[in-house]
Amino acid sequence: MILQTNPLEGALQATVQIKEGNMALAEQFKTELLTLVDNGNKYIIVNFEQIIYVDSSFLGALVSALKHAMNKGADIAVVGLNKDIKSLFQLVRLDKVFKIYASAQQALNGA
């Protein structure tokens, strides 16, 4: 299990419980996110505060989950990115695709 979920007011926080998001875990991560969307969650806040490294396959899984969510009328936001991962999001322009917040509370408030 990669994601630990916690219901919030009008949203579901999914905290990533691994240190490194890589190709070996990307498919499981994607499956867990898709399941959360398919279970009717309309706003999922993915918390990356425990992650110190992600690779392109893990980011691809996150993008796939967002596309699936959008098709179901749902949305995914990202919180808790460390400096390096936030820079990576900016480098590959995922900061234009995802709503990125410092905390789950900011994500709930729409920052």
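Of the residues L94, L33, L59, the one that moves most in a GNM of the chain with alpha-carbon contacts below 10 Å is L94.
Specify which labelled value, from (1) 72, 27, 23; (2) 30, 28, 23; (3) 37, 36, 25, agrees with Cα extents along the principal axes in Å derived from the coordinates of the model shown. Entry (2).
Of the beta bridges in the chain, as assigned by DSSP with both residues counted there, near 30 percent are antiparallel.
Of all segments of the chain bounded by trypsin sites (Lys or Arg not before Pro) found in a DSSP loop with no more than 10 other C-beta atoms within 10 Å, the longest spans 20-92. About its Cα centre, the dipole of the stretch 19-75 is roughly 180 debye, where the only charges are +1 on Lys and Arg Cβ and -1 on Asp and Glu Cβ.
With protein chains left intact and a 1.4 Å probe, residues in the stretch 1-93 average 52 Å² of accessible area per residue. Relative to one another, the C-alpha centroids of the stretch 1-17 and the stretch 38-91 are positioned 12 Å apart.
Taking amide H atoms as placed 1.01 Å from N in the peptide plane, the amide H of A77 lies under 5 Å from those of I44, I45, V46, each 5 or more residues away in sequence or on another chain.
Which entries in K19/K83; K30/K83; K19/K86; K30/K67; K67/K96 show an alpha-carbon gap greater than 18 Å? It would help to have the intermediate numbers written out before the result.
On the way: K19/K83 15 Å; K30/K83 23 Å; K19/K86 15 Å; K30/K67 11 Å; K67/K96 14 Å.
Going by Cα-Cα distance, K30/K83 fall outside the 18 Å limit.
Which value, in debye to the nearest 20, describes the size of the charge dipole of the chain about its Cα centre when Lys and Arg Cβ atoms bear +1, Asp and Glu Cβ atoms bear -1, and nothing else is charged? Don't jump to the answer; show the numbers that get you there.
Values: 10 positive and 10 negative charges, 61 e Å.
Roughly 300 debye for the chain.
Ranking L94, T5, N39 by how far each Cα lies toward the positive end of the dipole of the chain (charges on Cβ) leaves L94 at the top.
Rolling a 1.4 angstrom probe over the chain with all protein chains present gives an accessible area of which 51% lies on carbon and sulfur atoms.
The values are calculated or read from the model by the stated rules, or taken from the named source; none is laboratory data. Keep in mind it's a predicted model, so treat the numbers as computed, not measured. Don't worry about glycine lacking a Cβ; one is built from the backbone with ideal geometry, like all the others, and counts go over all protein chains shown. For the accessible areas, the whole protein counts, side chains as well, though only heavy atoms, and no ligand, DNA or RNA atoms are used. Shrake-Rupley method; radii C 1.70, N 1.55, O 1.52, S 1.80 Å.
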